Amino acid sequence: MEEALVLGIDASTTACKAVVWDTSGRAVAEGRAPLSLLKPRPLWHEQPAGAWWDALVAAIRAAIADRPDLTPRIAGLCIAPQRETFVPVDRAGTPLRHAILWMDERAGDLLPRIAAEYGADRIHAETGKPLSGNLALPKIAWLREHEPETFALTAKFLDVAAFLIHRLTGEYRSGWGCVDPMGLFDMQHDAWDSSLLTYLGVTIDQVPEAHPPGAVVGTLTSAAAAACGLIAGLPVIAGVGDGQAGGLGAGIVGPGQAYLNLGTAVITGTMASHPVTDRTFRTMYGGVPGTYSLETALLGGTYTVTWFTETFMGARGDESSTLLERFDASLDRTPAGAEGLLLVPYWNSVMNPYWDAAASGIVVGWRGIHTAEHVYRAILEGIAFELRLHAEGVAAALQRAVMRYTAMGGGARSTHWRQIIADVTGVPVEASAVREAAALGAGMLAAAGVGLFASVREAAEAMGSRGAREQRGEGAEELEAVTVPDGGRYARYTALYEDVYRGLFPALQPGLDRLTALTAEG
């Protein structure tokens, strides 16, 4: 018999990627479909939820288009979705409005009221998430206040995975690790937080059933199978968010290991065996049942880099990639510290450790010598300084320092950026051997869920980069590279970090918050 395969789907913010994996973690086929962002008003970020389904179908069909022999061998599929994003739907499952994305900041002014009425510390203790504007929690409160007709008509509030699972199976179900980032899930009891739902005026019937990672949540309907080019009855497996799935796919399954996703947002996750909470990170379910990801997030990751090429430099379409390659090469000519230009990358406000929805970016040290190349370096260095700030908070809570980052995402392909991160943080950065780590993590969950492995951990060991390399006999140098810190640059960056960067935002925070208030619309 031919070996069984699984389909891992990374339904992220800007694209849906579908990858067919074998049980050694080898990508057999893959497809991709892009997604666009809508910005109808300042601070708003939306997407039509129907586009998620169209992209899913297109990505799956692209993956199997030239390989009809694969379809009968696919044993199951799992989705790793973008997180915090949600859409309200009516009784037929039809979206009532565009989905509100994780990076949307419209609900910032409601946070003080929610904190006063329900309690910010209580929310953190129950959900593992400090109260912040990126959560679905304040945005549902915003809908209730600003779009009462939509709120009244809503039959279900669905995360991305739940919306797609409903289209695939007809069931309103999702995974613990997909819904818990919304800030409405009680991680102490592995269940929806009934008190928070009541506070929002939402009933338990208005949220999807939540299941542990690796559980079967339904099977493909005939209509969904025909749309996707798959076989009806195919099991669909509960996943985790794209961040946690990326960590799983990169082989981060044990305490003290850390993944680094250099994507639209820059995410780090350090694994723990129990749900530790602290304001310097947010706590998520890990891909392996019984593990937790202590996650830090910088919302302005490659988003800020894209802003630089497209808005600051005016690049359009393919020009952006060409320009980015040019600026990446320019890093060889601009010295560490960008000749005095220093940037705090809060282009999309700030989560940990300050949790300030009114925060904005900072650039200091401007002089006439500075060019666009200096600005580009300052952006990458600013993100690296922020990673160091995050790592210090996690290390203090765990009493254990991060010893190595495993990097993934588009930014991880830049050897220059990896070197800057290593030099700033003093931590070696390993480039993940897996290009589509989130899709692989989803594939691991699918493989365990349909019984190809006895557990998710066993699937991760067999399908992960190290397991795959051992099975295929490939050398480490062909699959991964470790970037180590340069001692001289680390010393220079340490002085900049300790003497300037670490105290810069706290010193300017009151003025920045007032600036936001004075210039807010209306």
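Within segment 289-304, is there a residue that is aliphatic (A, V, I, L, M), modelled with pLDDT under 90 and assigned to a loop (DSSP other than H, G, I, E, B)? Yes: segment 289-304 contains one or more residues that are aliphatic (A, V, I, L, M), modelled with pLDDT under 90 and assigned to a loop (DSSP other than H, G, I, E, B). Put simply, of Gly269, Gly314 the only residue that is modelled with pLDDT of 90 or more and assigned to a strand (DSSP E or B) is Gly269.
Scanning segment 51-104 for residues that are in contact with a Phe, Trp or Tyr (Cβ under 9 Å, 6 or more places away or on another chain) and of a type in the set (Val, Ile, Thr) turns up Thr85, Val87, Val89, Ile100. If you go through segment 413-428 one residue at a time, do you hit one that is modelled with pLDDT of 95 or more, acidic (Asp, Glu), surrounded by fewer than 22 Cβ atoms within 10 Å (Cβ to Cβ) and assigned to a helix (DSSP H, G or I)? Looking through segment 413-428, none of the residues is modelled with pLDDT of 95 or more, acidic (Asp, Glu), surrounded by fewer than 22 Cβ atoms within 10 Å (Cβ to Cβ) and assigned to a helix (DSSP H, G or I). Inside segment 153-185, residues that are closer than 18 Å to Gln244 by Cα and among the acidic types (Asp, Glu) make up a count of 2. Quick check: is even one residue across segment 375-382 in contact (Cβ under 8 Å) with a residue 24 or more places away in the chain, in contact with a Pro (Cβ under 6 Å, 6 or more places away or on another chain) and either of a type in the set (Lys, Arg) or assigned to a helix (DSSP H, G or I) (or both)? Yes, there is a match, as at least one residue in segment 375-382 is in contact (Cβ under 8 Å) with a residue 24 or more places away in the chain, in contact with a Pro (Cβ under 6 Å, 6 or more places away or on another chain) and either of a type in the set (Lys, Arg) or assigned to a helix (DSSP H, G or I) (or both).
When the test is whether a residue is open to solvent by 30 Å² or more (accessible area, probe 1.4 Å) and modelled with pLDDT under 95, Gln399 passes it.
Go through Gly246, Gly251, Gly239, Gly229 for me and flag whichever is in contact (Cβ under 8 Å) with a residue 60 or more places away in the chain, small (Gly, Ala, Ser), out of contact with any strand residue (DSSP E or B) (no Cβ under 6 Å at 6 or more places or on another chain) and surrounded by 22 or more Cβ atoms within 10 Å (Cβ to Cβ).
Values: Gly246 fails: out of contact with any strand residue (DSSP E or B) (no Cβ under 6 Å at 6 or more places or on another chain); Gly239 fails: out of contact with any strand residue (DSSP E or B) (no Cβ under 6 Å at 6 or more places or on another chain); Gly229 fails: surrounded by 22 or more Cβ atoms within 10 Å (Cβ to Cβ).
Exactly one residue qualifies, and that residue is Gly251.
Just wondering, is there one or more residues in segment 161-178 that are within 15 Å of Lys139 (Cα to Cα), open to solvent by less than 10 Å² (accessible area, probe 1.4 Å) and in a helix (DSSP H, G or I)? Within segment 161-178, none of the residues are within 15 Å of Lys139 (Cα to Cα), open to solvent by less than 10 Å² (accessible area, probe 1.4 Å) and in a helix (DSSP H, G or I).
A count restricted to segment 496-505 and to residues that are in contact (Cβ under 8 Å) with a residue 40 or more places away in the chain, out of contact with any Leu (no Cβ under 7 Å at 6 or more places or on another chain) and open to solvent by 60 Å² or more (accessible area, probe 1.4 Å) stands at 0.
The values are calculated or read from the model by the stated rules, or taken from the named source; none is laboratory data. Please read these numbers as outputs of a predicted model, since none were measured by experiment. All Cβ positions, even for glycine, are placed from backbone atoms using ideal geometry, and neighbour counts span all protein chains on display. Protein only, heavy atoms only, side chains kept; ligands, DNA and RNA dropped before computing areas. Shrake-Rupley method; radii C 1.70, N 1.55, O 1.52, S 1.80 Å.
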